[in-house]
1. Around C253, which amide H atoms from residues at least 5 apart in sequence, or from another chain, sit under 5 Å from its own amide H, with H modelled in the peptide plane?
2. At a Förster radius of 51 Å, what calculated FRET efficiency corresponds to the Cβ-Cβ distance of C467 and K134, to the nearest 0.05?
3. With every protein chain left in place, what is the accessible area per residue of the stretch 30-108 in square angstrom, probe 1.4 Å?
4. What ³J(HN,Hα) values, in whole Hz, does the Karplus curve 6.51 cos²θ - 1.76 cosθ + 1.60 give for the stretch 612-622 when θ = phi - 60°, with x put for Gly and Pro?
5. Just the ratio, please: alpha-carbon radius of gyration of the stretch 43-134 over 2.2 N^0.38 Å, N its number of residues.
6. Around K512, which amide H atoms from residues at least 5 apart in sequence, or from another chain, sit under 5 Å from its own amide H, with H modelled in the peptide plane?
7. Please list 436-442, 304-310, 84-90 highest first by mean number of surrounding beta-carbon atoms within 10 Å per residue.
8. Report, by chain and number, residues whose modeled amide H sits under 5 Å from the one on Y90, excluding near sequence neighbours (fewer than 5 apart, same chain).
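The values are calculated or read from the model by the stated rules, or taken from the named source; none is laboratory data. Everything numeric in this text was worked out from a predicted model, so none of it was measured. All Cβ positions, even for glycine, are placed from backbone atoms using ideal geometry, and neighbour counts span all protein chains on display. When the accessible area is computed, the model is the full protein with side chains, heavy atoms only, and any ligands, DNA or RNA have been set aside. Shrake-Rupley method; radii C 1.70, N 1.55, O 1.52, S 1.80 Å.
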Amino acid sequence: MSMSDSDSSSYASDYKTFKQISRERLLHEMLRSTKTGDCKLTWKVLIMDKLTVKIMSHSCKMTDITDEGVSLVEDIYKRRQPLPTMDAIYFIQPTRENVIMFLSDMSGKIPLYRKAFVFFSSTVSKELVMDIKKDTKVLPRLGALREMNLEYFPIDSQGFLTNNERALEELFADEENNHKGFTCLNVMAKRIATVFASLREFPSVRFRAAKSLDATTMTTFRDLIPTKLAAGVWDCLMKYKKSIPNFPQTETCELLILDRSVDQIAPVIHEWTYDAMCHDLLNMEGNKYVHEVPGKSGGPSERKEVLLEDHDPVWLELCHAHIADVSERLHEKMTNFISKNKAAQIQHGSKSSSEMSTRDIQKMVHALPQYSEQIDKLSLHIEIAGKINGVIRESGLRELGQLEQDLVFGDATTKDVIKFFTVHEDITLENKLRLLMILASIYPEKFEGEKGVNLMRLAKLTEEHMCVVHNLRMLGGQPVTKKNLTSAFGLKFDIHKKKRAARKERPGEEEKWQLSRFYPIIEELIEKLAKNELSKEDYPCLNDPSPSYHGSPFSGPVNQNPHSMRSRRTPTWARPRGSEDGYSSDSVLRHASSDFRRIGQRIFVFIVGGATRSELRVCHKLTKKLKREVILGSSSLDDPSQFITKLKMITTHELSLDDIQI
């Protein structure tokens, strides 16, 4: 079994982004390939399991699937109506249970379907293949038996998840039996490897090395998570090199494997971009936003659900912008839209119907359908931005956000946190907890013994909250003592200084928006990796790159002009304007198609234990800055409340994932 020979290399003349390739493989390489011979014109049934349904839904819309000749989508484990005149496409995991269900469908005198095209999401064992081939009734009814090697969820245009929602609990729990941890890493490694199979990329694999507190301390399972995962991915890649046609034999990209201990501040600090604030402050379910719209014919208002995703051009343009910039730009868009649209002018009273000429009326009628769609989109985002700004005012988030960033950059200490708690008693418990989690990451010794208890009492937090702070500290290694204040959080401090900084200021960068100083650690790591300046001791390479591989972005010289891009604190994602109709998108990827034709080798960063929206935003920013597509992978994408719940689960096993809205 093999994949098709379609070229998905980074260096194809017609460059496609990560998500585009994933989508096209499912639609063209899988669904369209079944249109052969007498199967060309017949409608088909698509049968999937729970995982492959999610893979498909993250990549394709139902209309995409229908356009490829699929009229019905079924769950392999649900009772299904026999359709003996139709062909079936099975997109399933290569498990024994799935193969048994498939054989049950297609064996017997009258099978459920006329012919079956079977596509496995990852590598299938020889034993299962033999089980299929030795069934003499099924074999003649088999149209295809192939491995897709696509077992990940594309999110955004530059991100993917491996669907290991319990990774923190299974990998970081303090248990003697690590069976769950090894199983989790094996599944994760296999799914990461399918990303490279899909893109036909062969990476140089780097990982964060284990760090012990001193020579006498034994290295734990937690310390070795990136090392073990890197080895697992490498094993899968070695098999792909032998089994997949046209799979690269030398390095074509870079992969950096980290875990959540590399940055414990990013998951809990308030991120001030539109995407992050929507998910942090508005209690959304996934990407679903629910709002009320006026009822028809003057009736009661109705609840309407909308998805904030890439198909919405306003969202695509603004999702990584600072919330202050979003408010400004939405106002400008609405003003421009009204000034240029005849229907909008009538609606907003800038010109009465009696003053309009016949030509004006014709233009207005012509603009009505577009007007309706555009005004709905703009009104939606103006409403959302207004709600976010309302929550910011009511919750006093500006003052809290300022203190968070001052702590991170060494401009505030524990005394400032204590003062804040005494002055702002009405702050929510979750926000108090998040502030103390940031403090614990920078001043871990302040949470030892009675000191920690007193801080929690001052904040009026519970023992359960104290457990969350303890588990956060545990992510970075063993609990820190006064004798050793380094390495537990990957930060090096001068113990004689009163103030410490978890982030360095970057000279020469002017700050554009208030509270935009913070940046995730992976921003520094990716930039160092791109410049070949990442420490080989702290981040060793599993495979010595081939002599032909130099890690350069592309064959030509790299554009390092510091004035060609906005700096970190003058966000590159925040300010492109050229949208006069108030609607079109200015997203990095949409307007960078010409750049992508000469873009360099991809950089992949995988974070075990959950990624954040700030880290996803950084990958978009660095793609433009480095002229290299930066793709973020993780076991999950967590908002602050989800991350806190998962930290509780490390020791509180009775909690379930139902407590986390995903």
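1. Under 5 Å from the amide H of C253 lie the amide H atoms of F202, S204, each far enough along the sequence or on another chain.
2. Efficiency computed from Cβ-Cβ geometry: 0.40.
3. Roughly 49 Å² per residue, with all protein chains present.
4. 10, 5, 5, 6, 5, 4, 4, 5, 5, 4, 6
5. Rounded to two decimals, the normalised Rg is 1.06.
6. Excluding prolines and chain starts, which carry no amide H, the hits are T570.
7. 436-442, 84-90, 304-310
8. I47, F117, V118, F119
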